[in-house]
Each structure stands twice: as C-alpha cells, then as structure tokens.
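Structure first, then comments.
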Amino acid sequence: MIPPLPDHMLRRLGRTEGDADTLRVLVRDQDTRRLLLLRALLDAAEAAPAAVCPPRALDRLRQDWALLETAERADRTAVRTVLLHPLTGPWAQRCLRGLSGPGPATGPGPELRADLDHLSALAAAAAIRAGIPFTTRLTAHGGLLSLPTLGALRTASEVSGPVDIAFSDGELTMRESGCESISAHTQPDGTTGSADPRWLPVLALPAVQSGIGPVPLDDVDPYRTDGSGLQRHGLSAATHIDDHERKAWAESWAGVAPLLRIGGEHRLTEATVLLRCLVPLGPPPGSGPTGESAAHCSGTRREAFGAVLSSKPATPAYFASTLVHELQHTKLAALAALVPLHHEGPEARHFAPWRSDPRPFDGLLQGAYSHIALADYWQRFALSARRVTHRDLAWAEHARCREQVGAVLPVLAGSAALTREGRVLVNEMITLYHHLDDCPPPTGHLARAEAYVATTKVIWQQRNGQHRP
C-alpha cells in the first residue's frame, strides 16, 4: 500500500523503537487498507445476489453510504474517527465475508442482517460526530443499540427491534417502541452523556500526551471480541464495567504516561501514535484476588489495528508494561502487512518459553519481539526505581523476559526463510539483546530466570515430545 520502509526506519523498528514519522508510515498503510476494505464491502453488496443482499437492504446501505459522504464533506476527521475505529475492522471483515458467500435461498441470515444494520449505526455515529442533523430508524440487537465510538442504548427487549433516533444541535434523542424517549448530549471532547441509565457512554481516558484525543475504553461495541478466539488464546471474555470499575481503570491509567516515559521517550510515542482504544476484559479464568500479584491477560487483533484488549492491570506499572507488550504486536503486525518479513510456513513446531504449546515461526517472531521490548522496558524501570521492592520486581521481570528471548533468538537468526527486511529486523533485535548486557540484573535474579526458562523447556519437551526444539 505504501512504498517499503527505508532501512533507517526498519532498523529503529528492529530495536523495538520508532519515532513518530516511522510509526505514522505504518498507520497510514493500515488506514488505507481499512478504507479500501469498506469500499470493497460496498462493491460486494452491489454485486451480491438478492438472496444475500435483498433490494431493501441494498437501498438502505446506499442511504447509509450517502450519509457517510455528507458527514465527511462536513468534517472529514470526525468521520474517520468512526471508520478507522479499531473495532470497525472486525465488523467490516465479517460483513464482507457474509456478502461474498453464497447465502441461503430464503435471504440473509440473522448474522448478516445484524452486520448490515451496523453500517446504519456507523453512519449515524459519523453524522453525530460531524454535527450533521438527521433522523433515522436503527435496529437494536441483543438488547443493545450501539453507536460506535459514542455509546450504546440498553433496550427493554433482547429481541431485535427498531429504535427511532434524531440528532440536532448536539442533542441525540432515541425512542424504542413502547418506551419513553431518552436524550443524550455530545461534549467537546467527542464523548457523550445522559442522565438516563439506559445510555451507556464509552468512557474516554485522558490523552497520553497533550494535543491528541482521549483514549476510549470501549466496553459496549458488539464487535470488540467477535471472532477473536479469546479462550483459545488464554484470554477472558469481554466485560461491561460499572462505575466503580471505571474509576479504578481511570486511576490506574493516570499513572501510565510517566511510567512509559521511564522506558524511553519512544514508549510514550508508541502509545500516542498507535493506541486508539482499550477493550476491557474480565479477570483471567481461575485468577486469584486482586492486588499486585493478581493474574492478568491481554491481547491484540490484527483486524482491529490500534486496539489493546486487557483485563484491568493490577498497578500503573503493569498497565504501562501491558501497553509496551501489546503495542509491539500492533507495530510488528502492521510492519509485516507492509513488507514481508519471512516465508516460513504456518506449522506450529517451535518452543517459546512464554507458551506451553508449539508455536509457528511467525508467532515465535511476534513473541520474541514483544518480550525483548519488555526486557528493555523493565531494565530501564529497574535502573530508575528508588524503592527496593519496585527495583526487585523490575529486575525479576527483566531477567525473565531477557532469558526467554535468548532461548529463541538462535531459531529466528538461523532461519533461511527471512526476507531481506526480516533479516535486518532480527539483526537489530540481536543488537538490542546484547545491549541489555551493559547493565546486567543482579546475580540472584539472573539465576532464577535461567532456571525458570530451563524448567519451562523441559516441561514443554515432555508435553510436546514430537516437536523437539
């Protein structure tokens, strides 16, 4: 989509760094892909047989597209906020698959109908953000009418049904059949508010740095975990958060920016340029009590560029490290979409000390990339920590991540299937790995980390004997 990265940018990315200009190259490519995906969706609907996209659904889709175009002429940035929202990606891909399939002879199934209805909600949200007055009828599904990036109306019925909405002069009115109308208002920062508890606004966490928009904590978008395979990846389900939990997220978030800066200015830049929303997950299955040692899970989705899915981190320090970890996945996935890094196959056969199952080469590269960034982050944290307990925790985390990466770097470096760009990337990862030796962890932490990785390898071999690393 975008010309290949110059080598100086690629080398920065290999060291898990990247200035704003480098990261914006990845962002522009991802944004272009999203807009092309939306255009492909419209083309697929136009080409679909009537059994898949009936004339009435196609007419509504054209109306929604026209509203999007009107809103974009009024405020392009506002509309792009909705169309480039990370959670629009999973919806668009699912909707495109539904429109491109054969479809039943009796008409679109309930999933495709809901997906097509969601375009109407996207168009309405874009018009609201652009300040375009309109009236329309939307369809609620599963007890919610979602207006992406803004919030959701909790409806009286779980059964799909119509909701009439109108917007003018910053005021949004919604009325479900047989119920009293509800009003919500937009605010200058793009958030919404209402005195009616039926309206569930998307919480906006303060911007990481001044001059950019707030970070949505989106717990209402219906596509936030659709098709993500959360359980398969050891993650908990998405959750709705109450007022108490919202306050806890906000308090933890307040300490993140200065802790990211401890890891280097590039860590703050990553969060500023790449992070577009957070999706709250529940505590990991079987997790213990809350506190500094509470279990935690997090993840990203390639089709939801800019989103980080996470259970609530126990402390601001772990919140910051979660962002460091997950934004490396965001960064590397975007880079791999721009330039191929390897031609290895998808077979899951490699040992990774952070997983109990065999990993494909691409998963090994992703994991090593994120863990070496964590090793760098925790080393910087340890060197700046004033309290002994904080310093010990950081050294322990650093030593574990460093040893984990050291166990797999030979596999990555020894691959003959790396492309030229992939070779540059891995070589820079090796450079960073050796640079970490300039400030080694205390002996006790290093010995424990070495024992941990060695034990993990033995257990892995016993469990996956046919996949000898």
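Among what's in the range 92-106 and is part of a helix (DSSP H, G or I) and open to solvent by 80 Å² or more (accessible area, probe 1.4 Å), pick the residue that is modelled with the lowest pLDDT.
Top of the filtered list is S100.
Of R12, R62, R73, R33, which residue is closer than 24 Å to G367 by Cα and modelled with pLDDT of 95 or more?
Sole residue among the options that is closer than 24 Å to G367 by Cα and modelled with pLDDT of 95 or more: R12.
Among the numbered conditions (1) at pLDDT below 95; (2) open to solvent by 10 Å² or more (accessible area, probe 1.4 Å), tell me where V273 comes up short.
(1)
S120 passes all but one of (1) modelled with pLDDT under 95; (2) polar (S, T, N, Q); (3) in contact with a Lys or Arg (Cβ under 8 Å, 6 or more places away or on another chain); which number fails?
(1)
May I ask you to list pairs of residues, at least six apart or on different chains, whose Cβ atoms are under 8 Å apart, with the first in the range 230-246 being closer than 17 Å to S298 by Cα and the second being among the hydroxyl-bearing types (S, T, Y) and modelled with pLDDT of 60 or more?
Taking only residues 6 or more apart or on different chains, the pairs are L230/S236; L235/S228; L235/S298; S236/S311; A237/T225; A238/T225.
Every residue, every condition in (1) of a type outside the set (V, I, T); (2) in a strand (DSSP E or B); (3) touching a Ser or Thr at 6+ places or on another chain (Cβ under 7 Å), yes or no:
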position	(1), (2), (3)
R113	yes, no, no
A125	yes, no, yes
I128	no, no, yes
S157	yes, no, no
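Output the residues belonging to the range 404-437 that are of a type outside the set (A, V, I, L, M, F, W, C) and closer than 26 Å to R380 by Cβ.
The answer is Q404, G406, P410, N427, E428, T431, Y433, H434, H435, D437.
Just to verify a result, which residue in the range 161-191, among those that are modelled with pLDDT of 90 or more and within 28 Å of the chain's Cα centre (by Cα), is nearest to W91 (Cα to Cα)?
Applying the filter and picking the extreme gives T191.
Restricting the search to the range 311-349, which residues are open to solvent by less than 20 Å² (accessible area, probe 1.4 Å), in contact with a helix residue (DSSP H, G or I) (Cβ under 6 Å, 6 or more places away or on another chain) and not in a helix (DSSP H, G or I)?
Those that are open to solvent by less than 20 Å² (accessible area, probe 1.4 Å), in contact with a helix residue (DSSP H, G or I) (Cβ under 6 Å, 6 or more places away or on another chain) and not in a helix (DSSP H, G or I): P313, V339, L341.
Which of (1) assigned to a loop (DSSP other than H, G, I, E, B); (2) among the aliphatic types (A, V, I, L, M); (3) over 26 Å from the mean Cα position of the chain (by Cα) does L5 not meet, given it meets every other one?
The single condition L5 does not satisfy is (3).
Restricting the search to the range 15-36, which residues are at positive phi and surrounded by fewer than 19 Cβ atoms within 10 Å (Cβ to Cβ)?
Passing the criteria: none in range.
With the requirement that a residue be over 23 Å from R420 (Cα atoms) and free of Cβ contacts under 8 Å to residues at least 12 places away in the same chain, what does the range 1-35 give you?
The answer is none; no residue qualifies.
Across the range 148-181, which residue is farthest from P214 (Cα to Cα) among those that are in contact (Cβ under 8 Å) with a residue 40 or more places away in the chain and aliphatic (A, V, I, L, M)?
Restricting to residues being in contact (Cβ under 8 Å) with a residue 40 or more places away in the chain and aliphatic (A, V, I, L, M), the top hit is I165.
Let's see how each residue does on (1) open to solvent by 30 Å² or more (accessible area, probe 1.4 Å); (2) part of a loop (DSSP other than H, G, I, E, B):
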position: S356; (1), (2): yes, yes
position: G367; (1), (2): no, no
position: R391; (1), (2): yes, no
position: Q404; (1), (2): no, no
position: V411; (1), (2): yes, no
position: V426; (1), (2): no, no
position: M429; (1), (2): no, no
position: L432; (1), (2): no, no
position: G444; (1), (2): yes, no
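Return the pairs, sorted by first residue and then second, in which the second residue is loosely packed, with under 11 Cβ neighbours inside 10 Å, the first residue lies in the range 447-463 and is modelled with pLDDT of 95 or more, the beta carbons are less than 7 Å apart, and the residues are 6+ apart or on different chains.
That search, which allows pairs on different chains as well, returns nothing.
How many residues are surrounded by 14 or more Cβ atoms within 10 Å (Cβ to Cβ) and touching a helix residue (DSSP H, G or I) at 6+ places or on another chain (Cβ under 9 Å) if we restrict to the range 141-169?
10
Among the residues of the range 378-389, is any open to solvent by less than 50 Å² (accessible area, probe 1.4 Å), closer than 19 Å to L425 by Cα and within 25 Å of the chain's Cα centre (by Cα)?
The answer is no; no qualifying residue exists.
Out of R80, R12, which single residue is touching a Gly at 6+ places or on another chain (Cβ under 9 Å) and open to solvent by 20 Å² or more (accessible area, probe 1.4 Å)?
R12
Please enumerate the residues belonging to the range 176-213 that are touching a helix residue (DSSP H, G or I) at 6+ places or on another chain (Cβ under 7 Å), in a loop (DSSP other than H, G, I, E, B) and of a type in the set (S, T, N, Q).
Within the range 176-213, Q209 is the sole residue that qualifies.
The values are calculated or read from the model by the stated rules, or taken from the named source; none is laboratory data. What you see is a predicted model; the values in this text were computed from it and never measured. Note that we place each Cβ from the backbone using ideal geometry, even for glycine, and neighbour counts take in every protein chain shown. The protein model used for the area step is the full one, side chains on, heavy atoms only, and it has no ligands, DNA or RNA in it. Shrake-Rupley method; radii C 1.70, N 1.55, O 1.52, S 1.80 Å.
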